[in-house]
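Have a look at the structure below, then the notes.
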Amino acid sequence: MFSEGDLAEIKLQFETQGFIHLRGVIPADVVARVRMAFDEAAGERLRLPRERQSNDGAVPFYDIPNVLDVDPVFVDLVDLPTLFPVLLQVVGTDIQLNHTTARLFYPGPTFTAPWHSDIPHVLGVSQNNSVNFFVKAHLFFEDLTPDQGCLAFIPGSHRYPPGYPRPVIRDMERCSAVVKTVPRAGDAILFNTHVLHMATDNSSPHVRKSLIYAYSHYWVKQYDNAVPADLERYATTPQRKQLFGVDIEGVPYFNRRLDRVEPIPLFSTFSSAARKVIRRALQKM
Ligand SMILES: O=C(O)CCC(=O)C(=O)O
């Protein structure tokens, strides 16, 4: 658990650098459960697709759909007691889960654009001033090797003014403006989605496995894969309800805060999130 002083330093680093590598924040028993559940859900997909075996560059990755419905351990990760205080610091008390991804990145070149922001086209936000707008947590449950598709960042680049040219970096391993992270099982890498970043090539012979949980504010439209189908089972606390986008009657989206939650009738609690789940079920038909 982080102390108040740790959290203040983490926030300082996050706001100045745009990312932070948090080591060992996922407890070992959770790491073990995630590893088993992930591999079981991935099944056949763990084997390299034929296209990748012949190295023609196709099928760079596979995302396991709706991971919150796959195993309870993936729901436990949304507000891990070790990590959630950090998310609260770097997003704010109106935090909501925005989307989830469970990814297998097969050996081969990277599939991400070099040095990109995820949100350059979002309107209504001054990205270079909004250091807490949209945060991703990449969660790792296996050790990675440096050549296994690790994330790299240009620290501080989330502060570049609009229109600032994208850097051209010839050799990132030798460039002092770049930080490449090499996570171990149990680590989380949090970043401001506007900081320039990329996944590096996976030139190892192994699939890179990771989870990506993205967080933003309650008023930002949430993806269906951020809401478990069995809400009554999982949305058991005010924190979970807010993360999963369960509205409180009479509380405007902009005013939602974790430190301002009052008990409310079950029906109104679940109605909006239930609508989302029904919509998702209908889309599958
Ligand atoms: O490493 C990945 O899977 C994707 C990295 C990335 O560009 C992102 O999460 O925005």
Inset, instruction - Would you please give the residues with an amide H less than 5 Å from that of G108, counting only those at least 5 places away or on a separate chain, with H modeled from the backbone geometry? - result: N202, S203, S204
Legend entry - Under 12 Å from the N128 label point (7 Å along Cα→beta-carbon), backbone N, region 145-168: 157-166
Legend entry - Sequence-distant residues sharing a close amide H with G18 (under 5 Å, placed H): G156
Inset, instruction - Rounded to whole Hz and in sequence order, give me ³J(HN,Hα) for region 223-236 from the Karplus expression 6.51 cos²θ - 1.76 cosθ + 1.60, θ = phi - 60°, writing x for Gly and Pro. - result: 7, 4, 6, 9, 10, x, 5, 8, 5, 4, 6, 9, 8, 9
Legend entry - Taking M172, M36 and counting other C-beta atoms within 10 Å, the order from fewest to most: M36, M172
Legend entry - Karplus-derived HN-Hα couplings along region 135-150 (A = 6.51, B = -1.76, C = 1.60, θ = phi - 60°), whole Hz, x at Gly and Pro: 10, 10, 10, 8, 10, 10, 10, 9, 5, 9, 8, x, 9, 9, x, 5
Inset, instruction - Please sort by residue number the chymotrypsin sites (Phe, Trp or Tyr not before Pro) in region 83-189 whose DSSP state is loop and whose Cβ has at most 10 other Cβ atoms within 10 Å. - result: none
Inset, instruction - Within region 97-182, list the trypsin sites (Lys or Arg not before Pro) lying in a DSSP loop whose Cβ has at most 10 other Cβ atoms in a 10 Å radius. - result: R170
Legend entry - Estimated dipole of region 4-223 in Debye, rounded to 20 [Cβ of Lys and Arg +1, of Asp and Glu -1, Cα centre]: 580
Inset, instruction - Find which of G186, L123, I248 sits farthest along the positive direction of the dipole of the chain, computed with +1 on the beta-carbon of Lys and Arg, -1 on that of Asp and Glu, about the Cα centre. - result: L123
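Computed from the coordinates by the stated procedures, all read-outs in this text should not be read as laboratory data. Quick caveat: nothing in here was measured; it's all calculated off a predicted structure. Ideal geometry is used to build each Cβ from the backbone, glycine not excepted, and the neighbour counts take in all protein chains shown.
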